[in-house]
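Data first, discussion second: the structure below is written as structure tokens.
Here, each number is a calculation from the coordinates, and none is a lab measurement. Quantities reported herein were computed from a predicted structural model and do not represent experimental measurements. Cβ placement follows ideal geometry from the backbone for every residue including glycine, while neighbour counts extend to all protein chains displayed.
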Amino acid sequence: MEIFLQQLVNGVVLGSIYALVALGYTLVYGIMGLINFAHGDVVMIGAMVTLTVARLLSNSGLPGPLIVLLGLLAAVPTCMATGYLIERIAYRPLRNAPRLAPLITAIGVSILLQNLAMMIWGREYLSFPQIIPSHAFSFFGASISTTQSIIVIGSGVMMVCLSFLVKKTKLGNAMRATSQNPEVATLMGVEVNTVISLTFILGSALAAIAGMMVSAYYGIAHYDMGFMLGLKAFTAAVLGGIGNIEGAVLGGLLLGIIESMGAGYLGTLTGGVMGSNYQDVFAFFVLILVLVLRPSGLLGERVGERP
Amino acid sequence: MPNRPLFIVVAAILAGCAKHEAGSELVVRIGSVAPLTGPQSHLGKDNDNGVRLAAEEINASNLVIGGKKARIEVLSEDDQADPRTATVVAQKLVDEGVNGVIGDLNSGTSIPASKIYSDAGIPQISPSATAIAFTSQGFKTAFRVITNDRQQGEALAQFATAKLHAKSIAIIDDRTAYGQGLADEFGKDAKALGANVVAREYTSDHATDFTAILTSIKGKHPDLVFYGGMDAQSGPMMRQLRNLGMNVAFLGADGSKSPEFIRLAGRSAEGAYASTPGMPLDKMPGGQAFIEKYNARYGKIQLYSPYSYDATRVMVEAMKKAGSAEPSKYLPYLSKTEWQGVTGPISFDDKGDIRRGTVTLYQVVNGSWKAIP
């Protein structure tokens, strides 16, 4: 039982990270109908910047959580700027182009960011200094560390704030208007370009936070870490219904739990025929199932093609 | 990706051409193959440095082969630790007409490449491929200067059961030829010695999240976790193991015994065990001198550079004895090698495996690897 609980905790922590990254995909898709494949690499930039600051300050005598917070203060603006530049350079000139064109530039930007990171930070795995005191407290026999609880609570708070922002504020109104019909939104006095830029900046800030969490939790960062993470988070967004904020959260959590349970129990259940080596397969198996059975995702609405 | 290895090769070839025109000097070209990009690039660079250090020393000592003044030229190639790339690189080196090859680093790459070298009749000495299959394919050209996994798995199982008194063991591997082969050997020997294998889990050589498999292992309460794979995984794995509150012994093999492992695992590295084939370097005649030379030239030794250094010396020694750098002429002399290397005495059995291979065990004490007497 305690092992089951522990796997559940692992799954929820992993799922919270997926959900946070998935929100970035879903925000951009909801507004522009574009899949920003470079989003995973923005997460990587966030992880790298936090890690660099943490390494510089690890011997300064400052308390660990403060160092991580300072790292985050550097990572969030860096990622915001990256997100803004990506939109300005790679997507805005193609706004009226066929939908395939921005998809290709998205992949191009992703490769560009990876290679830039490789040139700046090198191709080795970088280790995150162990500065956060790791108290583990017991929850019905499952151990939960401070880092894990911060990840889950932090992600939860972010998601609630985002949901509030989109549903209750003026900016949220403008975002939803742009999403429904950019031309009419312009006629109503919405600065569509500003709204889209802000959406990218917002998504990138979430990516920076996710990057900090990933590198602090696993203790490691690498220039191509964003690729797989991005793909999994994209799967989570599609699973929940892309373009839907609650869907991204649900999809992320579900995917995290499915992966963790799958890796933990598949070997025992199949009597060793399939083992934990199939861990990464689950995410994509789930993606295929959802696309076949419910193409609009769990919480997505069946909508007609955009005019 | 920026292609540094290619640049080095081009530079080497250009330099070679210039020299060819200059005089009657014999140019011996030795290929050095290792992953120079990707998660294992620190180990690949280390291997390549070992070859280069040996070549520099040999060149400085006025090498004469068959009465002719000769010079070693190293052609470095990147196999990306990928079996497919390894065959492409092997074919490239064969086409360029190298006299011999030191490589590859991994078992998974050395095995497919060995067929190509064997077909071309070019001797290949792997400094670090430990999988049994590498020398058991019947190729006359495949050699290694490192203890193989049968010997290493046996020594590790002995250590786990006799010294650490492990009764129930969990085994993880990275599904590469090396990791899986070693884990299988270890599991077989540990069972034969009376231990119980309670969990067998898998990951990949690109993974970073091991919490799910470690949790599953936690539920089976082993006294020891064994990992067959490289440091880029075992380092973070060790950290996650301790974060899950598991205070079991952790045993890795040669892929984990590096400074990189300690860096990646951080404070959690303390107390971890790992093995390396051969004797502790600082105990070997000439070992201390090698450490100093290497440190002065390239910095810290990661893992296998002493082996790639020895492999290069052994190959050139055979050429000297044969009086020729022609592969077919010096190959018979290579099989009859008797050489006192920095990693120990080197001679080959009829398969190309090193004779009297030994294994040394290490533990992390106060942030560095210490040999266990």
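Per residue, the convex hull spanned by the alpha carbons of segment A:207-268 comes to 101 Å³. Here the simple spin-label model places points 7 Å from the Cα toward Cβ, and for A:LYS167 and B:LYS283 these points are separated by 6.8 nm. Eigen-decomposition of the gyration tensor built on the alpha-carbon atoms of segment B:94-176 gives equivalent ellipsoid semi-axes of 33, 12, 9 angstrom, largest listed first. For segment A:1-60, the C-alpha radius of gyration sits at 1.56 times the compact-globule guess of 2.2 N^0.38 Å, with N the residue count. Ordering B:HIS42, A:HIS39 by the number of other Cβ atoms within 10 Å of each residue's own Cβ, fewest first, gives B:HIS42, A:HIS39. Grab the beta carbon distance between B:GLU292 and B:ASN366, set R0 = 30 Å, and tell me the FRET efficiency rounded to 0.05. Result of the calculation: an efficiency of 0.85. Taking only the Cα atoms of segment B:150-277, how large is their convex hull per residue, in Å³? It is 85 Å³ per residue.
Altogether, the Stokes-Einstein calculation at 20 °C and 1.002 mPa s, with the Kirkwood radius of segment B:23-98 over Cα pairs as Rh, returns a diffusion coefficient of 160 µm²/s.
When the Cα convex hull of segment A:65-219 is projected onto planes of every orientation, the mean area is 12.1 nm². At B:LEU193 and A:LEU289, where each label point lies 7 Å from the Cα along Cα→Cβ, what is the point-to-point distance in nanometres? Computed distance between label sites B:LEU193 and A:LEU289 equals 4.2 nm. Three principal axis extents of segment A:1-147 based on alpha-carbon atoms, in descending order, are 55, 41, 25 Å. For chain A, complete DSSP H runs whose alpha carbons reach 30 Å or more along their own long axis and whose mean Kyte-Doolittle score is 1.6 or higher are A:64-86, A:100-121.
With the charge dipole of segment B:83-218 set up from +1 on Lys and Arg Cβ and -1 on Asp and Glu Cβ about the Cα centre, the Cα lying farthest toward the positive end among the listed residues B:ILE116, B:VAL94, B:ALA133 is that of B:ALA133. Under the convention that each Lys and Arg Cβ holds +1 and each Asp and Glu Cβ holds -1, the size of the dipole of segment A:2-225 around its Cα centre is about 460 debye. Remark: segment B:127-141, residue by residue, has Karplus-estimated 3J(HN,Hα) of x, 8, 6, 9, 4, 4, 4, 4, 9, 9, 8, x, 7, 6, 9 Hz, where x stands for each Gly or Pro and the curve is 6.51 cos²θ - 1.76 cosθ + 1.60 at θ = phi - 60°. Helix B:107-120 sits at what angle to the longest principal axis of chain B, using alpha carbons and giving 0 to 90 degrees rounded to 10? Compared with the principal axis, the helix lies near 30 degrees.
Rounded to the nearest 20, the Cβ-based charge dipole of segment A:25-158 about its Cα centre (Lys and Arg +1, Asp and Glu -1) stands at 300 debye. Site pair A:SER149 and A:ILE111 shows an inter-label distance of 4.6 nm when each label is modelled 7 Å from Cα along Cα→Cβ.
The distance separating the Cα centre of segment A:92-115 from that of segment A:211-265 comes to 22 Å. Rounded to the nearest Hz, the phi-derived 3J(HN,Hα) couplings of segment B:165-173 under the Karplus curve 6.51 cos²θ - 1.76 cosθ + 1.60 (θ = phi - 60°) are 6, 6, 9, 10, 10, 9, 10, 10, 9, where x marks glycine and proline.
When the chymotrypsin sites (Phe, Trp or Tyr not before Pro) in segment A:132-162 are filtered for DSSP coil states and for at most 15 other beta-carbon atoms within 10 Å of their beta-carbon, the remaining sites are A:PHE140. Plainly put, chain B has a radius of gyration that is 0.99 times its Kirkwood radius, both from alpha-carbon atoms, as the Rg/Rh ratio. Under 18 Å of direct C-alpha separation, and excluding same-chain neighbours fewer than eight residues apart, B:LYS336 reaches these aspartates and glutamates: B:ASP310, B:GLU317, B:GLU326, B:ASP349, B:ASP350, B:ASP353. Per the Debye formula on identical point scatterers at the alpha carbon atoms of the protein assembly as shown, with no solvent, log10 I(q)/I(0) at q = 0.11 Å⁻¹ is -1.11. When the listed pairs B:LYS191/B:LYS283; B:LYS115/B:LYS351; B:LYS69/B:LYS351; B:LYS140/B:LYS257 are checked against a 25 Å cut-off, the alpha-carbon distance exceeds it for B:LYS191/B:LYS283; B:LYS69/B:LYS351; B:LYS140/B:LYS257.
The Rg/Rh ratio for chain A, using Cα coordinates for both the radius of gyration and the Kirkwood hydrodynamic radius, is 0.98. Within the same chain, aspartates and glutamates fewer than 8 places from A:LYS167 are excluded, and of the rest, those with a Cα less than 16 Å from its Cα are A:GLU246.
Dividing the mean sequence gap of close Cα pairs (under 8 Å, 6+ apart) by how many residues segment A:112-192 holds gives a relative contact order of 11 percent. The reciprocal of the average 1/r between distinct C-alpha atoms defines the Kirkwood hydrodynamic radius, which for segment B:249-295 equals 12.1 Å.
Using only alpha-carbon positions in segment B:249-373, the gyration tensor eigenvalues give semi-axes of 32, 16, 12 Å once each is multiplied by 5 and square-rooted (largest first). Taking the three principal axes of the alpha carbon atoms in segment A:154-307, the coordinate ranges are 63, 37, 26 Å, sorted in descending order. Close amide-amide hydrogen proximity is noted between A:PHE139 and A:ILE144, each under 5 Å apart and 5 or more residues distant or on a separate chain (H modeled in the peptide plane; Pro and chain starts excluded). In order along segment B:217-225, the phi-based Karplus estimate (6.51 cos²θ - 1.76 cosθ + 1.60, θ = phi - 60°) of 3J(HN,Hα) comes to 5, 4, x, 9, 6, x, 8, 8, 10 Hz; Gly and Pro are listed as x. If the chain linking B:SER335 and B:LYS300 were pulled fully straight, counting 0.36 nm for each residue of separation and taking away their Cα-Cα distance, it would gain 9.4 nm. Measuring nothing but how far apart in sequence close Cα pairs (under 8 Å, 6+ apart) lie, relative to its length, chain A scores a relative contact order of 35 percent.
Normalising the average separation of contacting C-alpha pairs (under 8 angstrom, six or more residues apart) by the number of residues puts the relative contact order of chain B at 17 percent.
Proximity of backbone amide H atoms, modeled 1.01 Å from N, is registered between B:LEU26 and B:LYS69, B:ALA70, B:ARG71 at under 5 Å, excluding neighbours fewer than 5 places apart on the same chain.
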